[in-house]
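Accompanying notes for the structure given below.
Throughout, read-outs are computed from the coordinates displayed, never taken from laboratory work. Since the structure is predicted, the reported quantities are computational estimates derived from the model, not experimental observations. Every residue, glycine among them, receives a Cβ derived from its backbone with ideal geometry; neighbour counts consider all protein chains shown.
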Amino acid sequence: MRKSPSRDRILVTGGAGFIGGHLARALVASGEEVTVLDDLRVPPMIPPEGTGKFVEKPVLALSERDLADVRLVYHLASHKSVPRSFKQPLEYLDNVDSGRHLLALCADAGVPRVVVGSTCEVYGEADELPTPESSPLSPRSPYAASKVGLEMLAGAHQRAPGGPEVGVVRFFNVYGPGERPDALIPRLCANLLTREEIPVEGDGEQRRDFTYIADVVDKLIALAGRPLPPVVNLGSGRSFSVNDVVHVLRKSFPDAEVVRKASRPNEIAEFRASTALQNRQIGPRPGAVDLEEGIRLTLAWWGARDLDDIRQRIFQEEGAD
Ligand SMILES: NC(=O)c1ccc[n+]([C@@H]2O[C@H](COP(=O)([O-])OP(=O)(O)OC[C@H]3O[C@@H](n4cnc5c(N)ncnc54)[C@H](O)[C@@H]3O)[C@@H](O)[C@H]2O)c1
C-alpha cells in the first residue's frame, strides 16, 4: 500500500510577487519546504529564485494533487491595483473566483490551514480611526469589492464544519524592496532616480499606515504559528501623509521637484489599523523598521538597479493605468 504523503509543505500563491516572494524566501531560509505558485501575469521585480519549488500556473489550474502534502497555504495571488480595477473590473472577478476555487480545493484535500490575503481597502473611508476589524465593510473600488467577495467566501468556509482553519489578514500599506512602482513609495523612488521629480497626487495630505515588508513577513509567520483569528489587521497602527514620505525622500534628494498631479477619484483620506487584535495574537514585535529607515532601504534597492530597467517599469505602470 502506498503511504500517503506527510503534510510538511507550505504553499504560497502569488509567490513571485512582492509580499509572497519575501515571505517564501524567509520560509525557505528558516528550513521550511515551500512551493510557490504564480502564473507570472505581472512581471516579477525579483526573479522567484530562492523561493522553493516554483509552479507556474494560475490558481484556477490548481488541483487536489498539488495540495496533497500541504499543511499551510498563504493565498496572496491577486490583482491589486485600485485605479486599474476601475478600467478592467472584470479582471478583478478572478480574485473572487480564484479564492473560491482554492478554498474549496483546500477543504476537499484536507489542508489544515489557509491564510487569505485581503486589504484595508475593504473599510473604504472608515468612521473609526484607528480602524478595528469590526468596522463596516464599505469598498470604494472594484478591487476592494473583489476582496470583500473573497472575505465572504473565507467566512463561509470558517462557518462550515470540518473544513480548514481559515484566517483573513487585512494588509495596510506594505512597502519595501521588490514592490512594483504602481504603489506609492516605489513610484516615488523610481521617479526620483530617473526624472529627479516626485509626483504627488492631490494635496499630499492623504495618510497611510505603512509597514516595512520584513515586519509584515515576520507577522505573517508568527500569526500562522497560532490559532488563526477569523480576520486580523496587519498594520503598524500609525499613519503618515504622502507629504511626510516626500519630506523623508527629499533628505536624500534636496533638489528634487515636487510635481502636483490630479487626485484619484474615490481617494481615501486615511488608513490606520487598530493593532489591538494583532498584538493580542502575536504580541508586540521588537525591532520594527521605522518609516525613515524603511524608505532609505527601499531607495537604496532602487538605486542599485539599472536606470533603463526602472524607466521601463515606470512606463509599463503608466501605460497600464
Ligand atoms: N502590497 C501591499 O501594500 C498590499 C496592501 C493590501 C493588500 N495586499 C494584498 O497582498 C497580496 C500580495 O500583494 P503584493 O503586493 O505581493 O502583490 P503583487 O502584485 O506583487 O503579487 C501578486 C502576484 O500574484 C500573481 N497572481 C495574480 N493573480 C494570480 C492568479 N489568479 N494565479 C496565479 N498567480 C496570480 C501575480 O503574477 C503576482 O506575482 C494581494 O492579495 C494583495 O491584494 C497588498
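Relative to one another, the C-alpha centroids of the stretch 114-173 and the stretch 253-277 are positioned 22 Å apart.
Projecting the Cα atoms of Ser141, Ala29, His247 onto the charge dipole of the chain, computed from C-beta unit charges around the Cα centre, puts Ala29 farthest toward the positive end. Charged neighbours of Ala61, selected by a Cβ distance under 15 Å, balance to -3 (K, R count +1; D, E count -1). Note on Lys261 and Asp8: the extension gain reaches 86.2 nm, defined as 0.36 nm multiplied by sequence separation minus the Cα-Cα distance. Between Ser241 and Val55, the C-beta separation translates, for a Förster distance of 30 Å, into a calculated FRET efficiency of about 0.15.
Could you sort out which of Lys57/Lys147; Lys57/Lys80; Lys87/Lys147; Lys53/Lys87; Lys147/Lys219 sit more than 24 Å apart by Cα distance in this structure?
Values: Lys57/Lys147 21 Å; Lys57/Lys80 18 Å; Lys87/Lys147 17 Å; Lys53/Lys87 34 Å; Lys147/Lys219 20 Å.
Result: Lys53/Lys87 exceed 24 Å.
Within the stretch 122-265, DSSP assigns beta bridges of which about 15% are antiparallel (rounded to the nearest 5). Magnitude of the charge dipole for the stretch 163-274, about its Cα centre and with charges confined to Cβ atoms of Lys, Arg (+1) and Asp, Glu (-1), is about 180 debye. Where does the longest stretch of the chain lie that holds no trypsin sites (Lys or Arg not before Pro) found in a DSSP loop with 13 or fewer other Cβ atoms within 10 Å? The longest such stretch corresponds to 42-321.
Out of the DSSP beta bridges found with both residues in the chain, what percent are antiparallel (nearest 5)?
Details: 2 of 40 bridges.
Looking only at bridges with both residues in the chain, the antiparallel portion is about 5 percent.
Dividing the Cα radius of gyration by the Kirkwood radius, what Rg/Rh value follows for the chain? Don't skip to the answer; put the middle values down first.
On the way: Rg = 19.3 Å, Rh = 20.1 Å.
Ratio of gyration radius to Kirkwood radius: 0.96.
On the beta carbon distance between Ala68 and Arg41, with R0 = 41 Å, the FRET formula returns roughly 0.95.
Starting from the Cα of Ala222, step 7 Å along the direction of its Cβ; do the same at Asp97; then give the gap between the two resulting points in nm. The modelled label-to-label distance comes out at 3.8 nm. With R₀ set to 35 Å, the beta-carbon distance separating Glu292 from Glu32 gives a calculated FRET efficiency near 0.65.
Please work out how much length the chain gains when fully extended from Glu205 to Lys87, using 0.36 nm per residue of separation minus the C-alpha to C-alpha distance, in nm with one decimal. Before the final figure, lay out the partial values.
Values: separation 118, 0.36 × 118 = 42.48 nm, distance 2.54 nm.
So the extension gain works out to 39.9 nm.
Our compactness index for the stretch 1-103, the C-alpha radius of gyration over the empirical 2.2 N^0.38 Å, is 1.12.
Stretched out fully, how many nm does the piece from Glu128 to Arg285 gain, at 0.36 nm a residue minus the Cα gap? Could the numbers behind the result be given before it?
Details: separation 157, 0.36 × 157 = 56.52 nm, distance 2.42 nm.
Value of the extension gain: 54.1 nm.
Computed from point charges on the beta carbon alone (+1 for Lys and Arg, -1 for Asp and Glu), the dipole magnitude for the chain about its Cα centre is near 800 Debye.
Pairwise Cα distances in the stretch 243-321 exceed 16 Å in 73 percent of cases.
The ellipsoid equivalent to the alpha-carbon distribution of the stretch 111-171 has semi-axes of 23, 12, 9 angstrom, derived from the gyration tensor eigenvalues as √(5λ) and listed largest first. Converting the Cα gyration tensor eigenvalues of the stretch 71-222 into ellipsoid dimensions via √(5λ) gives semi-axes, longest first, of 30, 17, 16 Å.
Using the Cα atoms of the stretch 167-321 to build a convex hull, what is its mean projected area in square nanometres? Working shown, then result.
Values: hull surface 38.7 nm².
So the Cα hull casts an average projection of 9.7 nm².
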